[in-house]
Structures are given as C-alpha cells and as structure tokens.
1. Express as a percent, rounded to the nearest 5, the fraction of DSSP beta bridges in segment 112-261 (both residues included) that run antiparallel.
2. Enumerate the aspartates and glutamates that Lys392 could reach by cross-link, defined here as Cα to Cα under 14 Å, with residues fewer than 8 away along the same chain left out.
3. For the chain, what does -39500 (n - 2.57) per DSSP helix run (n ≥ 4), summed and divided by total residues, give at 222 nm, in deg cm²/dmol to the nearest 500?
4. For a 23 Å ceiling on Cα separation, which of these pairs sit above it: Lys144/Lys320; Lys35/Lys116; Lys35/Lys386; Lys320/Lys386?
5. Can you tell me the orientation of helix 259-272 relative to the chain, as the angle in degrees between its alpha-carbon axis and the longest Cα principal axis, to the nearest 10?
6. Could you name the lysines in cross-link range of Lys11, using Cα to Cα under 25 Å and dropping any fewer than eight places away on the same chain?
7. Mind giving me the FRET efficiency for Asp40 and Leu207? R0 is 56 Å, r the Cβ-Cβ distance, nearest 0.05 is fine.
8. On full extension of the chain, what length is gained from Ala95 through Ser53, given 0.36 nm per residue of separation minus the C-alpha to C-alpha distance?
Amino acid sequence: MSELLDELLAKPVGPAVPARVTDPERDFTRQIEVKGDEADVTVRGESFEDNESAATAVLQGQGLDPSEWTVTGLRSSEWTMANGETGVSTRFTFARCVSVATVERPALDELLAAIKASPVIHPLDERDGEHTFIVALGDMQFGKLDGDGPAGTLQRTIECLDQAAELLALYRLRFDIGHVHVAWLGDHIEGFVSQGGANTWRTQLTLTEQIRLTRRVMLHALLLFAPLCERLTMAAVPGNHGEAVRLMGKGLTRYDDSHDTESLIAVKDASDLHPERFGHVEFYVPDTDELTVVVDCSGTVVAHAHGHQFRPGKHFEWWKGQAFGRSSAMHQADVLLAGHLHHEFVEADGPRTFIQVPSMESESTWWRHAKGAEGAPGLIVAVTSKGRVPVKEVVN
Ligand SMILES: [Mn+2]
C-alpha cells in the first residue's frame, strides 16, 4: 500500500487499553485480625525491619496500645514488588500482655439514640470524581417500512437524543459529569444484504438515503452534545444490516466493511475541519477486520458490540470467550453495550454489566407476527465511573 492510500483509508481506531496495573498500596499492604487477646498483623515492605515498625503502627491504627502487646510468633516470606524488586511479607502474631479484665461494652441506648438523632442526608452537591454520561442507541434500520417507517424512526431518534441532552442536565445535579459518550451500536441502516436481499421490497429508501440519514443523525448528536461537555466521545460498531457487501447473499468482505461505522468516520472527517469547535471530540470504530471497540469512560472500560455475534441470552458466554483471547480488550471491559435484539436488557455478573438497548425502529413486523410482541423503541442513558454503572434509564 502507498502512503497516500494509507492516509486516505485511515480510520479513527479505538485506542488499546493498557493492562490493569495492580496497585500494591490498594490491593494489599497491611492486614490485621484481632481475636480477643490475640492479633495477627500481616505487612509488606522492603525489609523485615520496615515491617516490624509497620506492624506496630497497624496496631496503633486500630486503637490498640502497642505496649500492651508482645510478639509471640512470626512468619516471613519474599514477594515481588510492583517495581520488580524483592520485598518481604511478614505475619506477626501478637498476644496481649495483660488480659483486659473487664471489657467495656458500648452503651446500646446511647448508640440507638445517636441513630435516631442523625437525619439521613445525602447532599446533592457531593462530588466524588469524574463521571461519564453514556447515550447508547442502535437498530434504527433506516429505510424499513415496518411500523411507523423511516419518518417515524427518524423523528423518534432525534427526539430521544434531544431528551438525553436534557437528562444530562438533570443527572449533573447528582453526578460530576465531564465526559459524554455516544455509542452507536449498529444496524443504523436497513441495507439490502439482510435475509439474502429478501428485505428489498419492504425497504423504501435507497442505500445512499439510508446512509445520509444515519450520517446526519450522528451529526445532530455531535452538534447537540459537543457544547455540553469537556470531552465528547462517539463510537460505532458494525451491525449485520450495515454490512456493505455480501457475496451471493452470504460471504462477507472484511468485518469492518460497514456503513454503520463509515457514517461515523464521515462525521469525524467533517468535525476535523473545525478543531476550535470540535477539538474535544474523539471518534472510535473497531480496527480493521474487527467488530468491537472499547472506550475509557471515567475509569470504566466500555466495550461495544452489535450483538449478532452471540445467541440471545449468551452474551456473558460470548464475553467470557472473547476475554480468553489474549489480544482481546474484552477481558478488561467493565461494561458491554450491545444492540441487535431490539429490547431493553440489563444484566450484571459480578462487577461486569451488560446493557442491551431497545431498537430505535418502532417494530419488526415479522417478529410481531411470529411472537406477538410489538416494539418498545428507545435508547438508554447511563452514568458510569470507575467500572460501576449506578444509573441506567430508558428514554423513549
Ligand atoms: Mn442486527
């Protein structure tokens, strides 16, 4: 490939997420367990002498008087510190020299009185750090005549984005939000590749019209959110409907060959023309031949996938499988945002959260005939920080 070709094919690929660095200070430095007249203190440091004084300090930190305690045993072992050097981990067993004859019991009545006397106050203006406001949407399938058709889907998408911007102001009363992230989760167009092209008759817009709507809706989101935050990120992933080329109705070209992502790349190219206005905006799509992209949102690693890669209900199995791959960023993802299945679904597994958005199109007529369920279109807004997602709300 020539340099010029590389330059003009360049895409805003999502950044690699560096491996989580263990923090010995936080993960484990000192530990104390007190059982009656015996206390076990485990400390880690550069040398045994360091540990000896640290252990005494740990006792003091627990409100115990070191002069009342004597070391009755210890166990020391070496460990590798964060800087690669060898440190010493020591467990001291202390015994209380003089048994405390009478253990003072807390006065229960006073404690209970204190509970009654303290009103529960959670000040709204308490700032505990950076938060990201996530706006996640997908499955507009612009062009399809089902339900209220392209006109209805377009109006709903714009209105939901506008509502999300209003909610941002409301959530700022509760959270310190500096970063807004808009996740485009695929199937933004209906396209003509689905079902071997059998969706063609029911698709009322041309391919370029479908793409134009997608691009301009993304542009609307850019213009809407860019003035409202210090950092705006937008990510898009390829959906099955957005696939640019299928061969004989089946074979694909490369996995990144998608109108769903290309529309966002076009918006990025436009925003690059105005750095004074959009210099704080970042755009991300999966790397060449890839289908997922991750973006850091206030310490939460947010992954994006369309959802045609896993069977319904098997999102965590798929996620676990991806995380097994050593080159995949999925093992570091705290949150997985997905589209495709057209209904709201939120599930947590330990600290990981899966959020599936409803579709923006009003219904799949085929699905309604098959299963009876009408659509419940909308998008999802969420607030996240440091891996947690305390708020998820459907906007419709
Ligand atoms: Mn899909």
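1. In segment 112-261, approximately 20 percent of DSSP beta bridges are antiparallel ones.
2. Partners found: Glu344, Glu347.
3. Numbers: 10 runs with 112 residues, N = 396.
Value at 222 nm, helices only, nearest 500: -8500 deg cm²/dmol.
4. Values: Lys144/Lys320 34 Å; Lys35/Lys116 31 Å; Lys35/Lys386 35 Å; Lys320/Lys386 21 Å.
Where the Cα-Cα span goes over 23 Å, the pairs concerned are Lys144/Lys320; Lys35/Lys116; Lys35/Lys386.
5. The two axes meet at around 80 degrees.
6. Excluding near neighbours in sequence, the set is Lys268.
7. Working: r = 69 Å, r/R0 = 1.24.
In this case the efficiency is close to 0.20.
8. Numbers: separation 42, 0.36 × 42 = 15.12 nm, distance 1.65 nm.
This chain segment gains 13.5 nm when fully extended.
Here, each number is a calculation from the coordinates, and none is a lab measurement. Nothing here was measured: the structure is a model prediction, and the numbers come from that model. In this analysis, Cβ positions are derived from the backbone assuming ideal geometry, glycine residues included, and neighbour counts consider all displayed protein chains.
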